[in-house]
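These notes concern the structure reproduced below.
No value in this document is a laboratory result; all are computed from the given coordinates. Since the model is a prediction, treat every value here as computed from it, not as a measurement. Don't worry about glycine lacking a Cβ; one is built from the backbone with ideal geometry, like all the others, and counts go over all protein chains shown.
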Amino acid sequence: MNKINKFKIIFINRVWEDNSLIVQLLGLCPLLAGSSTIINSLILGLITTFILCFSNTLISIFHYWIPSEIRIPIYIIIISFIVSTVQILINTYAPNLYQSLGIFIPLIVTNCIIIERAENYAIKNNIYKSAIDGLSMGLGITIAMFFLGAIKEILGQGTLFDHADLLLGGWAKILRIEIFKFNFPFLFAVLPPGSLIGLGLILAINFCIDKRVKKYFNKH
C-alpha cells in the first residue's frame, strides 16, 4: 500500500469512522455549548482543526526530547502556547469574533480530543501522519459542529448563516437566510439542553448511514 493510500485511509477513518464527537463522544463541551449558530460552530471547528494539526505536528517533531514521565504537562504547555497565540491574533484582528466566541477559545486547551491525539498518535508517528491525523480529526469535528449548529440555529432563531460577517467579512451579511419569523428566540434549542437533542439526532442519522453502508457492502 503506497503512502497516498495510507493517508487516504487515515483521513477517511478520522473524519467518519473514528469521529471524536459523534463516534467517540469526546470533547463535547464546545459542541454542546458553543454551537449556537452555524457560524460559531464553523469558527470553533476551524480553530480546533488548526490547533489539532499544529499541536500534533509539534509533538511529533519534538517527541524524541519529551520525557515520558512528564509528557502530559508538556502536551498542555504546547497546546496552551498555540491556543494563546490564536486567541491574541483573533482578539487583535477580529475583536467582534473574539467576543462572540467568549470563553470557548481558551477552553480548547483542556479539550480531551487534542490531548488524546497527542498521546495516542502524534507522539508515536512521523510528522506527515500526525499532521494528517490532526487535520482529518479536526475536519470531522467541524462537520459535526456544522450540522448541530444548523439544527440549533433553525430551531432557535429560524435563520441560517446569521452573523456570517464575523467569519467572512461585511459582504457576508447577504448570506443570512430567514426560514421562520420568530419574535423571540426559542432558548431551549439555542442553549446546551437543545444541543443534547440535536446531538441525539446526529447520532441516530450516523447510525442509520453506517448500517446502510455495511448492508450494501455485505451484499456486494
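Structure data summary
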| read-out | value |
| --- | --- |
| Helical segments meeting 18 Å axial Cα length and Kyte-Doolittle 0.0 threshold in the chain (DSSP H) | 38-61, 71-93, 127-157, 192-219 |
| About the Cα centre, charge dipole magnitude for the chain (Lys/Arg +1, Asp/Glu -1 at Cβ), debye | 780 |
| Enclosed volume per residue, in Å³, of the convex hull spanned by Cα atoms of the stretch 86-201 | 142 |
| For peptides 134-142, 113-121, 160-168, sequence by mean Cβ density within 10 Å, most packed first | 134-142, 113-121, 160-168 |
| Simple label model, 7 Å out from Cα along Cβ direction - ILE9 to ILE103, nm | 4.3 |
| Potential lengthening between CYS112 and SER80 on full extension [0.36 nm per residue; Cα-Cα distance subtracted] | 10.2 nm |
| Proximal charge balance of PHE186 [Cβ under 15 Å; K/R count +1, D/E count -1] | -1 |
| Listed residues CYS29, ILE51, SER136: farthest to the positive end of the dipole of the chain (Cβ charges) | SER136 |
| Leading residue at positive end of dipole, the stretch 72-215 (Cβ point charges), from GLY149, ASN206, TYR93 | ASN206 |
| Pairwise FRET efficiency - GLU69 versus ILE179, Cβ, R0 = 45 Å, nearest 0.05 | 0.25 |
| Matching label, P(r) over Cα pairs in 10 Å bins from 0, in percent computed from the structure shown, candidates [x] 9, 38, 39, 13, 1; [y] 8, 30, 33, 21, 7, 1; [z] 8, 26, 21, 15, 12, 8, 5, 2, 1, 1, 0 | [y] |
